[in-house]
Ligand code: NAD
(Lines give C-alpha, C1' and ligand atoms only; values in the text may rest on other atoms or scores of the structure.)
Protein backbone atom coordinates (compact mmCIF):
# COMPACT_ATOMS: atom_id res chain seq x y z
CA UNK A 1 0.00 0.00 0.00
CA UNK A 2 1.32 3.46 -0.89
CA UNK A 3 1.89 5.66 2.13
CA UNK A 4 0.20 8.71 0.62
CA UNK A 5 -3.23 7.94 -0.79
CA UNK A 6 -3.28 10.07 -3.93
CA UNK A 7 -6.84 11.31 -4.16
CA UNK A 8 -6.05 13.37 -7.25
CA UNK A 9 -4.84 10.33 -9.20
CA UNK A 10 -7.74 8.13 -8.07
CA UNK A 11 -10.22 10.90 -8.89
CA UNK A 12 -8.67 11.11 -12.36
CA UNK A 13 -9.25 7.38 -12.79
CA UNK A 14 -12.92 7.78 -11.78
CA UNK A 15 -13.32 10.65 -14.20
CA UNK A 16 -11.89 8.58 -17.07
CA UNK A 17 -14.41 5.85 -16.25
CA UNK A 18 -17.20 8.44 -16.23
CA UNK A 19 -15.99 9.85 -19.57
CA UNK A 20 -16.43 6.39 -21.10
CA UNK A 21 -19.91 6.16 -19.60
CA UNK A 22 -20.78 9.55 -21.06
CA UNK A 23 -19.69 8.36 -24.51
CA UNK A 24 -21.92 5.29 -24.20
CA UNK A 25 -24.84 7.47 -23.08
CA UNK A 26 -24.23 9.91 -25.95
CA UNK A 27 -24.42 6.98 -28.36
CA UNK A 28 -27.91 6.32 -27.01
CA UNK A 29 -28.86 9.97 -27.56
CA UNK A 30 -28.53 10.90 -23.88
CA UNK A 31 -26.51 13.99 -22.94
CA UNK A 32 -25.97 13.89 -19.15
CA UNK A 33 -26.85 17.26 -17.69
CA UNK A 34 -26.54 18.64 -14.16
CA UNK A 35 -28.34 21.77 -13.00
CA UNK A 36 -26.28 23.58 -10.38
CA UNK A 37 -27.91 26.25 -8.24
CA UNK A 38 -25.89 28.79 -6.29
CA UNK A 39 -27.75 31.26 -4.08
CA UNK A 40 -25.98 34.34 -2.71
CA UNK A 41 -22.39 35.49 -2.55
CA UNK A 42 -20.52 33.01 -0.35
CA UNK A 43 -17.00 32.99 -1.87
CA UNK A 44 -16.20 29.38 -0.85
CA UNK A 45 -19.47 28.17 -2.42
CA UNK A 46 -18.66 30.04 -5.63
CA UNK A 47 -15.27 28.26 -5.77
CA UNK A 48 -16.93 24.84 -5.21
CA UNK A 49 -19.51 25.52 -7.94
CA UNK A 50 -16.81 26.63 -10.38
CA UNK A 51 -14.79 23.45 -9.80
CA UNK A 52 -17.89 21.28 -10.22
CA UNK A 53 -18.91 22.90 -13.51
CA UNK A 54 -15.32 22.65 -14.79
CA UNK A 55 -15.26 18.95 -13.94
CA UNK A 56 -18.61 18.42 -15.68
CA UNK A 57 -17.29 19.97 -18.86
CA UNK A 58 -14.12 17.89 -18.68
CA UNK A 59 -16.05 14.63 -18.63
CA UNK A 60 -18.29 15.78 -21.51
CA UNK A 61 -21.41 16.54 -19.50
CA UNK A 62 -23.59 19.61 -19.80
CA UNK A 63 -24.03 22.01 -16.93
CA UNK A 64 -26.84 24.45 -16.42
CA UNK A 65 -25.73 26.85 -13.72
CA UNK A 66 -28.15 29.20 -11.99
CA UNK A 67 -26.65 32.02 -9.93
CA UNK A 68 -29.41 33.48 -7.80
CA UNK A 69 -29.42 36.62 -5.67
CA UNK A 70 -28.86 36.44 -1.90
CA UNK A 71 -32.48 37.57 -1.27
CA UNK A 72 -34.04 34.83 -3.45
CA UNK A 73 -37.28 33.69 -1.80
CA UNK A 74 -38.11 30.14 -0.77
CA UNK A 75 -40.98 30.18 -3.28
CA UNK A 76 -38.77 31.33 -6.16
CA UNK A 77 -36.22 28.60 -5.43
CA UNK A 78 -38.92 25.95 -5.10
CA UNK A 79 -40.48 27.11 -8.40
CA UNK A 80 -37.09 26.71 -10.13
CA UNK A 81 -36.76 23.22 -8.65
CA UNK A 82 -40.24 22.34 -9.91
CA UNK A 83 -39.21 23.42 -13.42
CA UNK A 84 -35.97 21.42 -13.29
CA UNK A 85 -37.72 18.37 -11.83
CA UNK A 86 -40.08 18.42 -14.79
CA UNK A 87 -37.35 18.98 -17.41
CA UNK A 88 -36.36 15.63 -18.96
CA UNK A 89 -33.12 17.07 -20.34
CA UNK A 90 -31.90 17.67 -16.75
CA UNK A 91 -30.70 14.44 -15.11
CA UNK A 92 -29.33 15.77 -11.83
CA UNK A 93 -29.96 18.80 -9.62
CA UNK A 94 -27.50 20.19 -7.10
CA UNK A 95 -28.20 23.06 -4.74
CA UNK A 96 -24.93 24.36 -3.29
CA UNK A 97 -24.98 24.56 0.51
CA UNK A 98 -24.93 26.47 2.77
CA UNK A 99 -27.99 28.44 1.69
CA UNK A 100 -28.68 31.93 3.07
CA UNK A 101 -30.23 31.66 6.55
CA UNK A 102 -33.75 32.72 5.47
CA UNK A 103 -34.10 29.62 3.26
CA UNK A 104 -35.28 26.25 4.60
CA UNK A 105 -32.49 23.88 3.48
CA UNK A 106 -34.30 20.66 4.38
CA UNK A 107 -37.39 21.65 2.42
CA UNK A 108 -35.23 22.57 -0.55
CA UNK A 109 -33.37 19.24 -0.32
CA UNK A 110 -36.60 17.28 -0.25
CA UNK A 111 -38.09 19.28 -3.10
CA UNK A 112 -35.58 17.74 -5.54
CA UNK A 113 -36.90 14.55 -7.13
CA UNK A 114 -35.07 11.61 -5.46
CA UNK A 115 -34.05 10.30 -8.89
CA UNK A 116 -32.35 13.65 -9.66
CA UNK A 117 -30.83 14.03 -6.17
CA UNK A 118 -27.22 13.37 -7.18
CA UNK A 119 -25.97 14.73 -3.83
CA UNK A 120 -27.87 11.93 -2.08
CA UNK A 121 -29.27 14.24 0.59
CA UNK A 122 -33.01 13.64 -0.04
CA UNK A 123 -34.66 11.85 2.85
CA UNK A 124 -35.74 9.03 0.51
CA UNK A 125 -32.15 8.42 -0.60
CA UNK A 126 -30.95 8.60 3.01
CA UNK A 127 -33.55 5.97 3.97
CA UNK A 128 -32.64 3.74 1.03
CA UNK A 129 -28.99 3.88 2.09
CA UNK A 130 -29.87 2.69 5.59
CA UNK A 131 -31.96 -0.16 4.14
CA UNK A 132 -29.20 -1.18 1.68
CA UNK A 133 -31.37 -0.37 -1.35
CA UNK A 134 -29.95 1.21 -4.49
CA UNK A 135 -29.79 4.96 -3.92
CA UNK A 136 -27.68 8.02 -4.55
CA UNK A 137 -24.93 7.90 -1.95
CA UNK A 138 -23.60 11.32 -0.88
CA UNK A 139 -20.45 12.12 -2.87
CA UNK A 140 -17.94 12.49 -0.03
CA UNK A 141 -18.71 9.14 1.67
CA UNK A 142 -18.83 7.49 -1.75
CA UNK A 143 -15.42 8.96 -2.57
CA UNK A 144 -13.97 7.73 0.73
CA UNK A 145 -15.22 4.20 0.04
CA UNK A 146 -13.54 4.31 -3.36
CA UNK A 147 -10.28 5.55 -1.79
CA UNK A 148 -10.35 2.66 0.68
CA UNK A 149 -11.10 0.23 -2.13
CA UNK A 150 -8.17 1.56 -4.14
CA UNK A 151 -5.75 0.98 -1.24
CA UNK A 152 -6.59 -2.71 -1.62
CA UNK A 153 -6.93 -3.10 2.13
CA UNK A 154 -9.21 -5.78 3.57
CA UNK A 155 -11.82 -3.91 5.63
CA UNK A 156 -13.95 -6.80 6.91
CA UNK A 157 -13.77 -7.11 10.68
CA UNK A 158 -11.67 -3.95 10.99
CA UNK A 159 -12.46 -1.21 13.46
CA UNK A 160 -13.29 2.06 11.70
CA UNK A 161 -13.47 5.15 13.87
CA UNK A 162 -15.24 8.12 12.29
CA UNK A 163 -15.01 11.55 13.91
CA UNK A 164 -18.04 13.68 12.99
CA UNK A 165 -21.68 12.69 12.62
CA UNK A 166 -22.95 15.14 9.98
CA UNK A 167 -25.72 14.02 7.62
CA UNK A 168 -23.43 14.72 4.66
CA UNK A 169 -20.32 12.82 5.69
CA UNK A 170 -19.85 11.04 9.02
CA UNK A 171 -23.26 9.50 9.59
CA UNK A 172 -23.85 8.02 6.10
CA UNK A 173 -20.25 6.80 6.06
CA UNK A 174 -20.72 5.08 9.42
CA UNK A 175 -23.76 3.24 8.06
CA UNK A 176 -22.07 2.28 4.80
CA UNK A 177 -18.91 0.97 6.45
CA UNK A 178 -20.99 -1.19 8.78
CA UNK A 179 -22.68 -2.81 5.76
CA UNK A 180 -21.46 -5.40 3.27
CA UNK A 181 -19.02 -5.53 1.55
CA UNK A 182 -17.11 -3.28 3.98
CA UNK A 183 -18.14 -5.16 7.12
CA UNK A 184 -16.33 -2.87 9.54
CA UNK A 185 -17.06 -2.47 13.21
CA UNK A 186 -17.78 1.24 13.39
CA UNK A 187 -17.39 3.80 16.15
CA UNK A 188 -18.99 7.16 15.42
CA UNK A 189 -17.46 9.92 17.53
CA UNK A 190 -18.76 13.47 17.77
CA UNK A 191 -18.50 16.69 19.73
CA UNK A 192 -19.92 15.10 22.90
CA UNK A 193 -17.53 12.12 22.78
CA UNK A 194 -15.38 11.90 25.89
CA UNK A 195 -11.75 10.80 25.55
CA UNK A 196 -11.64 10.71 21.76
CA UNK A 197 -8.23 9.06 21.62
CA UNK A 198 -9.57 6.03 23.54
CA UNK A 199 -11.56 5.22 20.39
CA UNK A 200 -9.09 6.36 17.73
CA UNK A 201 -6.21 4.43 19.29
CA UNK A 202 -7.88 1.07 18.72
CA UNK A 203 -9.02 1.86 15.18
CA UNK A 204 -7.59 0.26 12.04
CA UNK A 205 -9.16 3.04 9.99
CA UNK A 206 -9.51 6.59 11.32
CA UNK A 207 -11.69 8.99 9.35
CA UNK A 208 -11.69 12.59 10.53
CA UNK A 209 -14.64 14.71 9.38
CA UNK A 210 -15.13 17.25 12.14
CA UNK A 211 -13.89 20.57 10.77
CA UNK A 212 -11.27 21.03 13.52
CA UNK A 213 -7.83 21.73 12.05
CA UNK A 214 -5.18 19.28 13.24
CA UNK A 215 -7.41 17.64 15.88
CA UNK A 216 -6.08 14.14 15.19
CA UNK A 217 -2.40 13.83 16.02
CA UNK A 218 0.01 10.94 15.56
CA UNK A 219 -0.18 9.92 19.23
CA UNK A 220 -3.95 9.33 18.82
CA UNK A 221 -3.63 6.61 16.19
CA UNK A 222 -2.27 3.12 16.32
CA UNK A 223 0.72 1.97 14.30
CA UNK A 224 -0.17 1.15 10.69
CA UNK A 225 -3.70 2.56 10.84
CA UNK A 226 -5.17 3.95 7.61
CA UNK A 227 -6.03 7.62 8.07
CA UNK A 228 -8.54 9.49 5.92
CA UNK A 229 -8.70 13.23 6.41
CA UNK A 230 -11.94 14.83 5.22
CA UNK A 231 -11.46 18.22 6.87
CA UNK A 232 -10.98 21.40 4.89
CA UNK A 233 -10.14 24.21 7.27
CA UNK A 234 -8.93 27.67 6.39
CA UNK A 235 -6.24 28.69 8.84
CA UNK A 236 -4.59 32.13 8.74
CA UNK A 237 -1.24 32.05 6.92
CA UNK A 238 0.50 35.33 6.18
CA UNK A 239 2.87 33.62 3.72
CA UNK A 240 -0.04 32.87 1.35
CA UNK A 241 -1.40 35.40 -1.11
CA UNK A 242 -4.94 34.51 -0.01
CA UNK A 243 -3.97 35.02 3.64
CA UNK A 244 -4.92 31.47 4.59
CA UNK A 245 -3.80 27.88 4.12
CA UNK A 246 -5.99 24.79 3.82
CA UNK A 247 -5.52 22.30 6.65
CA UNK A 248 -7.16 19.00 7.35
CA UNK A 249 -8.58 17.66 10.60
CA UNK A 250 -5.45 15.53 10.93
CA UNK A 251 -2.00 16.79 11.86
CA UNK A 252 -0.41 15.29 8.76
CA UNK A 253 3.20 15.42 9.87
CA UNK A 254 2.79 13.46 13.10
CA UNK A 255 0.08 11.11 11.78
CA UNK A 256 2.08 10.17 8.65
CA UNK A 257 4.87 8.85 10.88
CA UNK A 258 2.51 6.29 12.44
CA UNK A 259 -0.03 5.50 9.71
CA UNK A 260 0.41 2.86 7.01
CA UNK A 261 -1.49 5.09 4.59
CA UNK A 262 -2.89 8.60 4.82
CA UNK A 263 -4.69 11.14 2.63
CA UNK A 264 -3.20 14.62 2.24
CA UNK A 265 -5.14 17.90 2.36
CA UNK A 266 -5.47 19.17 -0.27
CA UNK A 267 -5.31 16.31 -2.79
CA UNK A 268 -7.03 13.56 -0.82
CA UNK A 269 -10.79 13.40 -0.26
CA UNK A 270 -11.59 16.74 -1.96
CA UNK A 271 -10.98 15.65 -5.58
CA UNK A 272 -12.86 12.41 -4.89
CA UNK A 273 -16.00 14.29 -3.83
CA UNK A 274 -16.17 16.03 -7.20
CA UNK A 275 -15.34 12.85 -9.15
CA UNK A 276 -18.14 10.97 -7.37
CA UNK A 277 -20.56 13.77 -8.24
CA UNK A 278 -19.74 13.06 -11.90
CA UNK A 279 -20.28 9.37 -11.19
CA UNK A 280 -23.72 10.09 -9.68
CA UNK A 281 -24.77 12.31 -12.59
CA UNK A 282 -23.82 9.55 -15.06
CA UNK A 283 -25.83 7.11 -12.95
CA UNK A 284 -28.86 9.45 -12.97
CA UNK A 285 -28.59 9.91 -16.74
CA UNK A 286 -28.21 6.16 -17.25
CA UNK A 287 -31.40 5.48 -15.34
CA UNK A 288 -33.20 7.67 -17.88
P1 NAD B 1 -20.28 19.57 10.31
O2 NAD B 1 -19.85 20.87 10.91
O3 NAD B 1 -21.66 19.44 9.75
O4 NAD B 1 -20.08 18.43 11.39
C5 NAD B 1 -18.95 18.35 12.18
C6 NAD B 1 -19.07 17.14 13.05
O7 NAD B 1 -17.87 17.03 13.81
C8 NAD B 1 -20.22 17.19 14.04
O9 NAD B 1 -20.90 15.95 14.00
C10 NAD B 1 -19.56 17.38 15.41
O11 NAD B 1 -20.24 16.67 16.43
C12 NAD B 1 -18.18 16.79 15.18
N13 NAD B 1 -17.14 17.44 15.98
C14 NAD B 1 -16.88 18.77 16.06
N15 NAD B 1 -15.87 18.97 16.93
C16 NAD B 1 -15.48 17.77 17.40
C17 NAD B 1 -14.50 17.34 18.32
N18 NAD B 1 -13.69 18.21 18.94
N19 NAD B 1 -14.39 16.02 18.57
C20 NAD B 1 -15.20 15.12 17.95
N21 NAD B 1 -16.15 15.48 17.07
C22 NAD B 1 -16.30 16.79 16.80
O23 NAD B 1 -19.18 19.24 9.23
P24 NAD B 1 -19.19 18.38 7.87
O25 NAD B 1 -20.06 19.04 6.87
O26 NAD B 1 -19.38 16.93 8.14
O27 NAD B 1 -17.67 18.61 7.45
C28 NAD B 1 -16.61 18.20 8.28
C29 NAD B 1 -15.32 18.69 7.68
O30 NAD B 1 -15.14 18.07 6.42
C31 NAD B 1 -15.25 20.20 7.41
O32 NAD B 1 -13.92 20.63 7.57
C33 NAD B 1 -15.66 20.31 5.95
O34 NAD B 1 -15.14 21.46 5.34
C35 NAD B 1 -15.03 19.07 5.40
N36 NAD B 1 -15.66 18.52 4.21
C37 NAD B 1 -14.83 18.16 3.21
C38 NAD B 1 -15.34 17.60 2.07
C39 NAD B 1 -14.39 17.18 1.02
O40 NAD B 1 -14.80 16.96 -0.12
N41 NAD B 1 -13.12 17.00 1.34
C42 NAD B 1 -16.71 17.41 1.92
C43 NAD B 1 -17.55 17.76 2.98
C44 NAD B 1 -17.00 18.31 4.13
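The values are calculated or read from the model by the stated rules, or taken from the named source; none is laboratory data. A quick note: this is a predicted structure, and the numbers were derived from the prediction, not measured. Positions of Cβ are generated from backbone atoms using ideal geometry, with glycine treated the same way; all protein chains shown enter the neighbour counts.
Observations on the structure shown:
- Residue pairs whose Cβ atoms lie under 6 Å apart, separated by 6 or more positions or on different chains, with the first residue in segment 148-169 and in contact (Cβ under 8 Å) with a residue 12 or more places away in the chain and the second part of a helix (DSSP H, G or I) and more than 6 Å from the ligand (Cβ to nearest atom), are 150/10; 160/177; 161/199; 161/200; 162/173; 162/174; 165/171.
This table checks each residue for (1) modelled with pLDDT under 95; (2) in contact with a strand residue (DSSP E or B) (Cβ under 9 Å, 6 or more places away or on another chain).
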| site | (1), (2) |
| --- | --- |
| 36 | no, yes |
| 43 | yes, no |
| 58 | no, no |
| 74 | no, no |
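- Residues in segment 31-50 that are within 30 Å of residue 149 (Cα to Cα) and assigned to a helix (DSSP H, G or I): 44, 45, 47, 48, 49, 50.
- Hits in segment 178-195 - residues which are crowded, with 18+ Cβ neighbours inside 10 Å and within 16 Å of the ligand (Cβ to nearest atom): 186, 187, 188, 189
- Considering segment 196-235, the residues that are outside any helix (DSSP H, G or I), within 11 Å of the ligand (Cβ to nearest atom) and touching a helix residue (DSSP H, G or I) at 6+ places or on another chain (Cβ under 6 Å) include one that is nearest to residue 152 (Cα to Cα), namely 228.
- Check on residue 219, touching a strand residue (DSSP E or B) at 6+ places or on another chain (Cβ under 8 Å), without any contact (Cβ under 8 Å) to a residue 40 or more places away in the chain and over 30 Å from residue 57 (Cβ atoms): no
- Where residue 245 falls short, out of the listed (1) within 25 Å of residue 121 (Cα to Cα); (2) in contact with a strand residue (DSSP E or B) (Cβ under 7 Å, 6 or more places away or on another chain): (1)
- Here is the figure for segment 1-30: residues that are exposed (fewer than 14 other Cβ atoms within 10 Å of the Cβ) and assigned to a loop (DSSP other than H, G, I, E, B) total 5.
- Whichever residue in segment 236-266 is near the ligand (Cβ under 10 Å from one of its atoms) and surrounded by fewer than 21 Cβ atoms within 10 Å (Cβ to Cβ) and, among such residues, is nearest to residue 143 (Cα to Cα): 266
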